[in-house]
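This report refers to the structure that appears directly beneath it.
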Amino acid sequence: MGRALAVFIWVMTLATVWMFVDGRWWFPESITAHGPAYDRQFLISIIVVGLTFAAAQIGLGVMLWRYGSSRRGGNERAVYSHGSNRLEVVWTIVTAVIFVSLGLMGQRVWAQLHFNNAPAGSAQIRVTAQQFQWNFHYPGADNKFGRTDPAKIADASANFIGLDEDSPGAKDDVVVPTLAVQVDRPVELVLSARDVTHSIWVPELRFKQDLVPGLNISVHFTPVKTGKFELACAELCGQLHYKMKSYLLVLPENEYREMAALPPAQFKTRMTELLKKYPLGSVPH
Amino acid sequence: MMMKRAQMLLLLLAVLGLLTLSMASCGGGEEDDDLAEDDASPAESAGAKYTPSGNEGTVTGTIAFTGAVPEPISISMDADATCGAANPNAVVEDVVVKDGKLGNVFIYVKDGKTADDGKNIANLTFDVPTETKTLDQKGCHYTPHVIGVMVGQKLSVTNSDKTSHNVNVQAKSNPQFNQSQTTGAPPIEKTFVRAETLIPVKCQVHPWMKSYIGVVKHPFHAVSGEDGTYEIKGLPAGTYTLVAWHEKLGEKTQSVTVGAKESKAQDFSFGGGATTSLQPGGSFEMLPALDLPMLGGH
């Protein structure tokens, strides 16, 4: 019985490792400048963890094979061991070194996006999440955002972010439920939430960030592939959380600039057209 | 001895069972909405039943809009492609003006006395219309935008869209309900037990969707059409306070005297300027958001 269990553990270990090595269930393609670094970091982590996992499971199988009880007899009898302090210290230190090193390596990639300011010339888009809709606020042709005031929020008037229409720079501002950005140009998102905590997630962006009520959280990235990608809320935000989804559109420069210069009504129509034009996934540009 | 103990045990169990049952039934009684107590039987609280004499009058009128007509604001429905396909030219309906006339105004008799016997109309009871009013969700907006029902009249909420909606009826004096309605789901049928003007209805899935239900104790209410006109029929002769309510432009009140079989014209006028907003966006009170410097602040 012990040997059967050992074989079962080895088979399960092999199958698990195969699921990762095969690549069939790997991440979707990366579409940002920081994506490859992020993926490399993940790969290193998964190799280290995978090797440790495989070694531990194979070891467990060996022990079962040697010491597992059997009616037929012939197995060695296990003996009690109090353990080895030296061994404990060694593997604790080795584990600590490996994990702290992985953390330090990963921190570099993460900090570039979250701790540093967005590069000069980044396009800025303000994101206001609400139950259960994404609102992306574009500054319009003048590149200036109008003032927003929570007292002016009126969903029935389609003023989801409380934009003060009379404030300077507000007239050409556009608020739509789709995130459109320009390829090869850094984008800065300023994230806020109207009600509860939400989380913006586009798997292809290798990027997930919470939006917290009362905070303006600034993040940035540079998309390098055009196309249409699903955008979801990744924080359970209420009964209809599953309905809180949208798209990220990465557009070629000419298409983006042309749309960004349009007055609000045409901007919205153009966005709808572009959403229909692009199939899901990346397209060469 | 054993028999006696078993009998005692059975007796004890029976008493306990009875106690539990009586407590449960008391609890159930409490849960039966106290809301139902007052107005479920309007005849008791409102007094005498009105019998039509055939001499009732009519109030008609037009709601004018005098301000600058707001630019139509288009609604981007890209987040739900089904909505966008069904209603590609959707615009907000908070102020609907056509040729200087204002639609979606709820007009109702607030109070007043009949000419015959000087009875307060609020103390009379009227037959509840058997007609079921329908609030439909079509093209991801509510049709009609404003709807009037009488206390006890049936309201049916239907979903004609190929997407799910969530009907959130935010009543204050009536029981609230907040119910999902998938495509093809049966209508949600409700009645209201108390007069309430007006109850906001919103869809949790599509935040732009908004509607209002006016619940009145009597059948003397109407909603102005696209051409700004309204008609209230069957009103006993008397002098009444007539209220015109608009979701964004506030409330106007006028006194109207209707004679027997008379058709009285009573117009209202709303300006586009600063009036009391009955639908304040300011249900939100937020402190200014903090910029987190450590997260690449500005």
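The values are calculated or read from the model by the stated rules, or taken from the named source; none is laboratory data. Quantities reported herein were computed from a predicted structural model and do not represent experimental measurements. So basically every Cβ, Gly included, is an ideal-geometry build from the backbone, and we count neighbours across all protein chains shown. Heavy atoms of the whole protein, side chains included, go into the accessibility calculation; ligands, DNA and RNA do not. Shrake-Rupley method; radii C 1.70, N 1.55, O 1.52, S 1.80 Å.
Per residue, the solvent-accessible area of the protein assembly as shown (1.4 Å probe, heavy atoms of protein chains only, all protein chains present) comes to 53 Å².
So, by mean Cβ neighbours within 10 angstrom, what's the order for A:214-226, B:113-125 with the highest one leading? Present the calculation step by step, with values, prior to reporting the outcome.
Values: A:214-226: 19.9, B:113-125: 15.5.
Packing order, densest peptide first, comes out as A:214-226, B:113-125.
With a cut-off of 19 Å on the backbone N, the residues of the range A:245-268 near the modelled label site 7 Å out from A:ARG185 along Cα-Cβ are A:248-268. Amide hydrogen proximity for B:THR229: with H placed 1.01 Å from N in the peptide plane, the residues at 5 or more positions away or on another chain lying under 5 Å are B:ILE63.
When only DSSP loop residues count, what chymotrypsin sites (Phe, Trp or Tyr not before Pro) in the range A:88-174 have their Cβ near at most 16 other Cβ atoms within 10 Å?
Numbers: sites: A:TRP91, A:PHE99, A:TRP110, A:PHE115, A:PHE132, A:TRP134, A:PHE136, A:PHE145, A:PHE160; in loops: A:PHE115, A:PHE132, A:PHE145, A:PHE160.
Answer in residue order: A:PHE115.
Here the average projected area of the convex hull drawn through the C-alpha atoms of chain A stands at 20.8 nm².
The range B:146-211 and the range A:186-258 have Cα centres spaced 32 Å apart.
Within the range B:163-266, the GluC sites (Glu not before Pro) that combine a DSSP coil assignment with at most 14 other C-beta atoms in a 10 angstrom radius are B:GLU226, B:GLU262.
Work out the FRET efficiency for A:ALA33 and A:VAL283 from their Cβ-Cβ distance, taking R0 = 25 Å, and round it to the nearest 0.05.
0.85
Computed with every protein chain present, the accessible area of A:ARG66 is close to 100 Å² [probe 1.4 Å]. Principal-axis analysis of the Cα atoms of chain A puts helix A:85-114 at an angle of about 10° to the longest axis. The listed residues A:ARG126, A:ARG270, once ranked by accessible area (1.4 Å probe) with the largest placed first, stand as A:ARG126, A:ARG270.
Counting only other chain Cβ atoms within 10 Å of each residue's Cβ, the peptide B:76-85 averages 6. Amide H contacts of B:LYS210 (H built 1.01 Å from N, in plane; Pro and chain starts excluded): B:TYR142 sit under 5 Å, all sequence-distant by 5 or more or on other chains. For the protein assembly as shown, build the charge dipole from Cβ charges (+1 Lys, Arg; -1 Asp, Glu) around the Cα centre, then report which of A:GLY83, A:SER30, A:THR178 sits farthest towards its positive end. Farthest along the dipole direction, towards plus: A:GLY83.
Could you tell me the relative contact order of the range A:2-114? Use alpha-carbon pairs under 8 Å, at least six residues apart, and round to a whole percent. Don't skip to the answer; put the middle values down first.
On the way: 47 pairs, mean separation 45.7, N = 113.
Relative contact order for the range A:2-114 comes out at 40 percent.
Against the empirical 2.2 N^0.38 Å (N residues), the range A:123-283 has a Cα radius of gyration ratio of 0.97. The mean of 1/r over all pairs of different alpha-carbon atoms in the range A:214-285, once inverted, gives a Kirkwood hydrodynamic radius of 14.3 Å.
Would you mind getting me the FRET efficiency between B:ALA64 and B:ASN89? Use the beta-carbon distance for r and R0 = 22 Å, nearest 0.05. Working shown, then result.
Working: r = 26 Å, r/R0 = 1.19.
With a Förster radius of 22 Å, E is 0.25.
Backbone amide hydrogens, once placed in the peptide plane, bring B:ASN166 within less than 5 Å of B:GLN181, B:GLN204, B:VAL205, B:HIS206, excluding anything fewer than 5 places away on its chain.
If you wrap a convex hull around the C-alpha atoms of the range A:2-114 and split its volume per residue, what is the figure in Å³?
Spelled out: Cα convex hull of the range A:2-114, divided by residues, is 113 Å³.
Under 8 Å for C-alpha pairs, at least 6 residues apart: give me the relative contact order for chain A, rounded to a whole percent.
On the way: 470 pairs, mean separation 52.6, N = 285.
It comes to 18 percent, rounded to a whole number.
Within the protein assembly as shown, the proportion of C-alpha pairs whose separation exceeds 43 Å stands at 44%. For A:PHE53 and A:SER167, what does the FRET efficiency come to when R0 = 56 Å and r is the distance between their Cβ atoms, rounded to the nearest 0.05? Efficiency, rounded to the nearest 0.05: 0.50.
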